[in-house]
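A.B. asks: This is the structure I want to talk about, given as C-alpha cells.
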Amino acid sequence: YDSLGISTVVVVGGVGDWLDVPHQVVKLDKYLIYDATEKAQSVSRQFSHGHVQYAGRGVVHRLNWDKKGMPNQRRPVTDHPFHNARVSLMDGGGRICLTGEEGSEMSVDYENEDDDFGVIDMTRCEQLFGRSEQLYGCGLCVAWIIGHSKSHPNLGLRGLLDALDNELDRSGGMKGLLASLPESKEDVLECLGYASRPRRYEVAMALTRMRGICFDDIPYEDDGSQEEAARKAEERKKALADIWANRRKKAKET
C-alpha cells in the first residue's frame with residue numbers, strides 16, 4: 001500500500017499471525033461486524049516474537065514488495081489503429097465495438113483478420129448502470145484514453161485514468177468528453193440520446209478487455225528511495241532485535 005496505493009484484504013479464521021500486519025482489523029461474529037483493530041494491536045504487542053512486521057515496528061519477516069519487484073506500469077501502444085475510432089453498440093447487449101473509418105488500417109484489420117477486432121465484451125460486468133447508456137459511456141472513455149495516450153506517452157494506465165477523471169470533472173461529465181469526440185457525439189444522439197458516466201474501474205475493465213489492444217511497459221526509474229527505505233528498515237530491524245534480545249536476557253536473569 002505504501003508503494004502503490006493498493007489495499008489488500010486478507011480473510012482468516014483462527015490465525016493470529018496476521019494480527020501483526022494490518023492497519024485495520026474487522027471482526028465478523030455471528031454475522032455482526034466489529035472493529036477489532038485495538039484488540040489486535042494489543043495481542044500483537046504482547047505475543048509477537050518478531051515473525052512478521054506490525055505497522056513498521058516489529059522484527060521483520062516480510063514479502064519483498066518494493067517497486068522493483070512489482071510489474072511496470074503499462075500504456076496502450078502508439079502505433080495501433082484504434083486512434084480516432086468510433087464507438088458502436090453491438091446486437092445482443094453487453095458488447096461494444098471500436099471501429100475505424102472505411103478503408104483505414106483499423107477497418108481492414110476488422111474485416112479481414114479478426115471478426116472480433118475492436119470488440120469489448122462487458123457482459124460479465126453486471127454492475128453497469130442502465131446497461132446500454134453506461135456501457136456506451138465506457139466505450140467513449142476508452143476511445144478518449146487511447147487518443148490521450150498518444151500525446152502523453154509517459155502516462156501509464158493509472159495516470160490515464162486519473163487524466164480521464166480530471167477531464168470529466170473539468171468539462172462537466174460526458175457532455176464535455178463528447179465535445180472532443182465530435183463523430184461519437186452524432187452516434188450517441190442517433191443511437192441512445194445520451195451516455196452515462198462510468199466509474200474508472202469499469203473503464204479499465206473495458207480497455208483491457210478490448211480485442212486487438214496492445215500495451216507497452218513503461219520502464220521503472222529508480223530514484224534511490226527504495227534503497228534508502230530498505231536501509232532504514234534494516235536499521236529498525238536491528239534495533240528491535242536488540243530490544244527483544246535484551247528483554248529475553250533480563251527474563252532469564254530473573
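The values are calculated or read from the model by the stated rules, or taken from the named source; none is laboratory data. In this text, all values refer to a predicted model and were calculated from it rather than measured experimentally. Using ideal geometry, Cβ is built from the backbone for each residue, glycine included, and neighbour counts are taken over all protein chains shown. In case anyone asks, the SASA skips ligands and DNA or RNA and just uses the protein heavy atoms, side chains included. Shrake-Rupley method; radii C 1.70, N 1.55, O 1.52, S 1.80 Å.
A.B. asks: Taking 45 Å as R0, compute the FRET efficiency from the Cβ-Cβ separation of E38 and K175 and round it to 0.05.
C.D. replies: The value I calculate is 0.40.
A.B. asks: Something else now. On a full-extension model of 0.36 nm per residue, what is the gain between K27 and T8, subtracting their alpha-carbon distance, rounded to one decimal in nm?
C.D. replies: Details: separation 19, 0.36 × 19 = 6.84 nm, distance 1.60 nm.
Once the chain is fully extended between K27 and T8, it gains 5.2 nm.
A.B. asks: Would you please put 29-41, 167-179, 2-14 in order of how densely packed they are, using the mean number of other Cβ atoms within 10 angstrom per residue and starting with the highest?
C.D. replies: Working: 29-41: 11.3, 167-179: 15.4, 2-14: 8.4.
Peptide ranking by packing, descending: 167-179, 29-41, 2-14.
A.B. asks: Can you work out the FRET efficiency for the pair M90 and K150, with r the C-beta to C-beta distance and R0 = 25 Å, to the nearest 0.05? Numbers along the way, then the final one.
C.D. replies: Values: r = 25 Å, r/R0 = 1.01.
Between M90 and K150 the formula returns 0.50.
A.B. asks: Follow-up. Would you check the accessible area of V21, probe 1.4 Å, heavy atoms only, in square angstrom rounded to 10?
C.D. replies: Counting only protein heavy atoms, V21 exposes about 60 Å² to solvent.
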